[in-house]
């Protein structure tokens with residue numbers, strides 16, 4: 001609905017209710033436009049449609065991949081989206097990733113925890129709700145500033161400027177963008193997964209990412225000791241997420257099925273196989289076993305058959321079973337195909353390094369079966385990107401017969417190589433990694449899980465070093481405030497960002513000329529007008 005239509009609709013409503021004569025139609029219209037999304041389900045429905053359109057666009061043109069940054073607070077998410085609009089004029093193909101790692105490390109009432117699903121499950125939907133609260137406030141703030149400019153243009157009699165601003169309101173692009181929410185391994189059985197999925201969707205999440213690890217043995221994807229579950233158990237959790245979407249009326253919600261099989265060498269269960277060659281039989285086929293044909297079983301033995309052979313799966317003292325070494329990629333391929341065939345929309349393969357051809361080698365096999373299979377890929381800070389790509393260039397040069405005698409492959413992270421041709425080539429490969437991997441390896445969405453965790457630590461370290469050192473207050477002014485002002489960072493006017501001007505507008509709506517407003521001549525924020 002256009003701005004003018006909103007005003008007219010409110011005017012009619014007020015006229016019909018004589019007791020509301022103290023209200024102004026334009027104020028009502030403005031408040032309605034500033035609160036476009038009434039519920040989390042409104043947000044989930046709106047953002048799911050965005051992701052579906054983006055998925056279709058990527059199928060037609062793999063250069064149209066999508067990106068996101070992980071955010072652990074609503075304010076950080078808000079500032080990210082404000083920056084997107086400032087620098088690029090649009091939020092298109094940009095999302096937010098909600099990392100379970102950051103929730104458990106930064107948002108748990110138990111304090112900092114490792115990424116093992118030990119945090120309160122309610123903290124995940126609470127963060128989704130918090131992020132969207134901040135994004136909706138960013139909408140309200142930006143529209144409020146446009147409304148003030150409209151009023152100013154009217155006072156100045158600038159009709160052309162007024163119409164230009166009204167058009168800007170009509171074409172306003174919301175800060176509300178899709179969230180891909182990490183539901184870990186579901187925090188329990190399929191029923192627990194379903195209940196948590198509903199809370200996440202009700203908070204606004206349109207995409208849920210779930211992994212095939214055992215819930216009570218869950219590990220960070222880039223650490224050792226990962227334990228996977230049989231396919232049927234994982235499919236039950238995928239179905240639980242789909243039922244949650246459908247129950248809540250989000251018919252095009254997105255499920256991201258993640259496999260940790262590449263680095264997971266263990267399973268807690270032997271899958272129940274109905275017939276040879278079924279998915280459970282394939283899963284069990286990767287188990288590391290001893291041949292016990294003709295031998296009497298020992299007490300407590302668990303035995304399986306492969307063809308005519310009787311086999312004993314190798315069981316550890318932890319009662320976990322181990323897979324044969326070197327089977328991770330094959331298991332990933334089967335995991336992904338089965339997940340897509342059972343309701344997942346996107347895939348996630350957790351790898352140990354960022355290597356385009358490694359990812360492509362698995363995706364090529366998956367796409368032979370499901371041609372439009374698409375991947376969400378973790379551009380993880382757990383990778384040493386500098387070392388990995390310098391080593392890739394080193395290995396490439398070496399295979400081409402080029403002289404690499406001036407480099408120590410194990411120490412390529414060293415600053416002594418920063419100005420070398422090898423380092424420059426590696427940096428160029430890092431720069432184009434997302435484009436190259438999206439074109440070659442079917443990656444639809446690139447995310448960095450923990451970027452704002454690291455940027456917060458880095459910026460705080462730099463500020464503390466300067467402020468508490470010889471620079472004193474100049475450490476803050478020169479490196480923070482002055483740069484904020486000159487870069488046009490919205491938070492330089494922190495009172496405005498926190499909603500002070502919105503509050504003043506409301507005071508005027510409610511009390512008219514009697515309103516006691518904060519934004520008067522003595523407000524120190526006026527010092528930032530220049």
Quiz item: In degrees, nearest 10, range 0 to 90: what is the angle between the Cα axis of helix 328-341 and the longest Cα principal axis of the chain?
Solution: 60
Self-check item: Distant alpha-carbon pairs in the stretch 162-293 (separation over 22 angstrom), percent
Solution: 50
Exercise. Please give the per residue volume of the convex hull enclosing the alpha carbon atoms of the stretch 1-72, rounded to a whole number of Å³.
Key: 153
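Step by step: find N for the stretch 433-487, compute 2.2 N^0.38 Å, then divide the Cα radius of gyration by it. What's the final number?
On the way: Rg = 17.8 Å, N = 55, 2.2 N^0.38 = 10.1 Å.
Rounded to two decimals, the normalised Rg is 1.76.
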Quiz item: Using the Cα atoms of the chain to build a convex hull, what is its mean projected area in square nanometres?
Solution: 33.8
Practice problem: Find the centroid of the Cα atoms in the stretch 495-530 and in the stretch 7-36, then give the distance between the two in whole Å. | Solution: 22
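Tell me what the chain gives for mean residue ellipticity at 222 nm when only DSSP H runs of n ≥ 4 count, each as -39,500 (n - 2.57), the sum divided by the residue total, rounded to 500 deg cm²/dmol. Present the calculation step by step, with values, prior to reporting the outcome.
On the way: 20 runs with 254 residues, N = 530.
Value at 222 nm, helices only: -15000 deg cm²/dmol.
Per residue, how big is the convex hull of the stretch 42-105 when only Cα atoms are used? Give it in Å³. Could the numbers behind the result be given before it?
Details: hull volume 7.0 nm³, N = 64.
It comes to 109 Å³ per residue, whole-number rounded.
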Self-check item: Percent of Cα-Cα distances greater than 20 Å, calculated over the stretch 348-467
Solution: 54
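Please order 119, 494, 87, 355 by the number of other Cβ within 10 Å, starting at the fewest.
Numbers: 119 23, 494 12, 87 9, 355 17.
The fewest-first ordering by Cβ neighbours comes to 87, 494, 355, 119.
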Quiz item: Using just the C-alpha positions of the stretch 376-530 as equal point scatterers, what log10 of I(q)/I(0) does the Debye formula give at each q in 0.12, 0.17, 0.20 1/Å?
Solution: -0.83, -1.09, -1.20
Exercise. Using only Cα atoms, tell me the angle between helix 451-467 and the longest principal axis of the chain; keep it within 0 to 90° and round to the nearest 10.
Key: 60
Self-check item: Alpha carbon centroid spacing (whole Å) that separates the stretch 112-169 from the stretch 269-300
Solution: 57
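Mean separation of Cα pairs under 8 Å and 6+ residues apart, divided by the residue count of the chain: what relative contact order is that in percent? Before the final figure, lay out each step's value.
Working: 835 pairs, mean separation 78.5, N = 530.
Computed value for the chain: 15 percent relative contact order.
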Self-check item: Projected-area mean, the stretch 238-377, by convex hull of Cα positions, square nanometres
Solution: 10.7
Exercise. With 5 Å bins from zero, work out the P(r) of the stretch 58-151 over every alpha carbon pair and list the percent per bin.
Key: 3, 12, 18, 18, 15, 13, 11, 7, 3, 1, 0
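In µm²/s, what is D for the stretch 448-530 at 25 °C and 0.890 mPa s, where D = kT/(6 pi eta Rh) by Stokes-Einstein and Rh is the Kirkwood radius from Cα pairs?
On the way: Rh = 15.4 Å.
Answer from the Stokes-Einstein relation: 160 µm²/s.
How would you rank 250, 238, 270, going from fewest to most other Cβ atoms within 10 Å of each one's own Cβ?
270, 250, 238
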Quiz prompt | Angle in degrees between helix 123-155 and the longest Cα principal axis of the chain, rounded to the nearest 10 | solution = 30
Exercise. Write down the Å³ per residue value for the convex hull defined by the alpha carbon atoms of the stretch 372-423.
Key: 119
Quiz item: Can you give the three extents of the C-alpha atoms in the stretch 91-146 along their principal axes, from longest to shortest, in whole Å?
Solution: 45, 24, 15
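A short reminder: the numbers here are calculations on the coordinates, not readings from a lab. Please read these numbers as outputs of a predicted model, since none were measured by experiment. Using ideal geometry, Cβ is built from the backbone for each residue, glycine included, and neighbour counts are taken over all protein chains shown.
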